[in-house]
Structures are given as structure tokens and as C-alpha cells.
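The values are calculated or read from the model by the stated rules, or taken from the named source; none is laboratory data. Quick caveat, the model's predicted, so the values are computed rather than measured. Here the Cβ positions follow ideal geometry from the backbone for every residue, glycine too, while neighbour counts run over all protein chains shown.
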Ligand code: ADP
Ligand code: MG
């Protein structure tokens, strides 16, 4: 039996720090990322992919703001869907081109626009924390707060920015389709940007909400749904560090859940970056997953095989 792995790709898989975000830049990065994914497939792993969308959905939101005088701006859920299609397309093309060169070209990539159920009573809805979209002046931000039910905050001296809730992902709505495609041998790209957050009413009807789901926590849900052996979270640092940015900073190579939980409670992992990754690995192994790994993108296969990254076990 081939081992199944859900790979969560970080922002650097699509856009490098300092780049403007042209189509050519993003395509080039995605090609390099696809090469890492292909290495895992060639080594015999069954790969399911998910990815972040922060900079891309940020761009779409800016385009919507600036274009609003000519065309109606779209709400966040639709912007999220647009970003899934955009990024999914780049990965499908890059992976497809790689597969066409392979001797055993049985795989085919496919991207699913994915909705993720959240709880309307999630406390996150009372405390929006996730900054999204363009920066504005204080006057403009205050005008928006009075006109719409939006929360805006002053963001570290850089201007005013909208913040939205980041509720916990409960369930991937399209999970059966994901599983069916994985079973058929497709390389599925799903739940991009953490998925489109939706709530379900009493009659079972879905509705998009103005929120952002953390992509690492959604990756754990995806890994659970496809019964993955491993969860591999790829980012721009080689290992998880304790005492981060202090003289006593120390990388974690192999750690069990109970030890990692102690570090988590001690506050070693920043909210919004390493925090959710650590939480996702803990949930995965506690829910029965064999091993979860946090590693650098260019060390993906080595990390999966156990010699790089931070290995989290039960
Ligand atoms: P991604 O796009 O891959 O999700 P993030 O920026 O969200 O990337 O998370 C990765 C970043 O987390 C690293 O670049 C690092 O600066 C930061 N980080 C915060 N706390 C830690 C920690 N304890 N150990 C390692 N990196 C940390
Ligand atoms: Mg992140």
C-alpha cells in the first residue's frame, strides 16, 4: 500500500518574499514547488495538496475595492473561490507538465473549489483577528465601519486594515468527492486558502461567510477526511524552534504530542504563523494520524522520510 500524505504548502510555495506577485513570478515559483511534489510522488507517496492564499486573495480584494466604481465588488467568500481557482490552475498546469515527462504518467492533477463548514457560534466571530485586503487611512476605515458591519484596526503603523474572524474548520463539504478522486489516483488540490468558510442552517443550506480559515488547521481536516498517514506542513523555516528569536533558541527534531503541548502552553509558537501549524500537527496525531511534519519546502521528501524538519508523533 502506498502511503498517503496531505501536503500543506505555505505562502513561499507561490510567492517569495520581496516579489511583486506578477503572474510570471507566481508561475515560476509554482513550477519549483511542483518539482518538490513530483519527488514525493516518484518516491511512491500518494499526495493530496492544499495551499495558502493570503497574498493572492489580498490582491483580489484590492482589485475589487479599486474597481468598485465600475463593477460590483465581490464578497470575501467569492474572492476566496477566485483565489482557489487561480492557484489551483497554476498547480494543475505545472504538475500536469511534470507528469507528462514521467515514464509512469498515470497521475493527473485536479483542483476542487472547496467549502469548509464553520460553527456560526464560534467565538472567533466575536473577535475578528485576521487582517485582510488593502491598507486605508483612518478616515476611510472609520467611514467603512459606520457604513458596513466591518471591523478595521490600525496595523503596526502601516495604516488601517480590515480584520475578519478566523473560525475553526469543522468539516470539508466536498470530502466525498476528494476521497473518490484520490482513490481513482488523481492528485487532488483542495481546500486552498483554508477553504471557503460556510455555515449550515437548520435546513442544511450552505451560506458563505466573511471570514478566513487557517490553512494549516483546514489541512488537518483534509488529512483526517482522506485518512492520510502523514500530514506534511511545508513553510520557509527548516524546523520548529522553541525560545524563538532568543539566545536560547533551539530547534525541535523529533517531539511527541505531550511534550509539544507543554511548549505550546508556554507560548513558544506565534499566533497566525507557527501557532496553527503546531496545533494542526497535534490534532492530526491525536486524531490517529501516524506522524505530522513541519519542514522547509525544499526539504519536503527528506522530511517525509524522517531525516529533516520537525517530526511530531503521538
Ligand atoms: P506559511 O505561509 O508557510 O504558513 P507563516 O509565515 O505563516 O508561513 O509561518 C512561518 C513563520 O513562522 C516562519 O517564517 C517564522 O518566522 C515564524 N515562526 C513563529 N514562531 C516560530 C517558531 N517558534 N519556530 C519557527 N518559526 C516560527
Ligand atoms: Mg501561515
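Overview of values
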quantity: Number of positions in segment 215-237 that are near ligand 1 (Cβ under 9 Å from one of its atoms), surrounded by fewer than 24 Cβ atoms within 10 Å (Cβ to Cβ) and not in a strand (DSSP E or B); calculated: 2
quantity: Failed criterion for residue 125 (all others in (1) in contact (Cβ under 8 Å) with a residue 40 or more places away in the chain; (2) more than 16 Å from ligand 1 (Cβ to nearest atom); (3) within 22 Å of residue 222 (Cα to Cα) hold); calculated: (3)
quantity: Members of segment 8-32 that are closer than 12 Å to residue 91 by Cβ and within 12 Å of ligand 1 (Cβ to nearest atom); calculated: 9, 13, 14
quantity: Condition met for residue 260 (touching a residue at least 60 places away in the same chain (Cβ under 8 Å) and either over 24 Å from residue 11 (Cα atoms) or buried (at least 17 other Cβ atoms within 10 Å of the Cβ) (or both)); calculated: no
quantity: Those residues of segment 271-314 which are assigned to a helix (DSSP H, G or I) and touching a strand residue (DSSP E or B) at 6+ places or on another chain (Cβ under 6 Å), in sequence order; calculated: 277, 281, 284, 285, 297, 300, 303, 304
quantity: Filtered residue count, segment 240-284, keeping only those that are within 22 Å of residue 193 (Cα to Cα) and either more than 9 Å from ligand 1 (Cβ to nearest atom) or out of contact with any helix residue (DSSP H, G or I) (no Cβ under 9 Å at 6 or more places or on another chain) (or both); calculated: 11
quantity: Residue check for residue 242: under 26 Å from residue 84 (Cα atoms) and touching a strand residue (DSSP E or B) at 6+ places or on another chain (Cβ under 8 Å); calculated: no
quantity: Segment 1-30, residues that are assigned to a loop (DSSP other than H, G, I, E, B) and away from ligand 2 (no atom under 16 Å from the Cβ); calculated: 1, 2, 3, 18, 19, 20, 21, 22
quantity: Residue among 236, 216 that is within 16 Å of ligand 2 (Cβ to nearest atom), under 26 Å from residue 41 (Cα atoms), at pLDDT 95 or above and touching a strand residue (DSSP E or B) at 6+ places or on another chain (Cβ under 6 Å); calculated: 216
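Here is a yes/no grid of residues against (1) in contact (Cβ under 8 Å) with a residue 24 or more places away in the chain; (2) farther than 20 Å from residue 236 by Cβ; (3) surrounded by fewer than 17 Cβ atoms within 10 Å (Cβ to Cβ):
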| position | (1), (2), (3) |
| --- | --- |
| 54 | yes, no, no |
| 65 | yes, yes, yes |
| 68 | no, yes, yes |
| 72 | no, yes, yes |
| 78 | yes, yes, yes |
| 85 | yes, yes, yes |
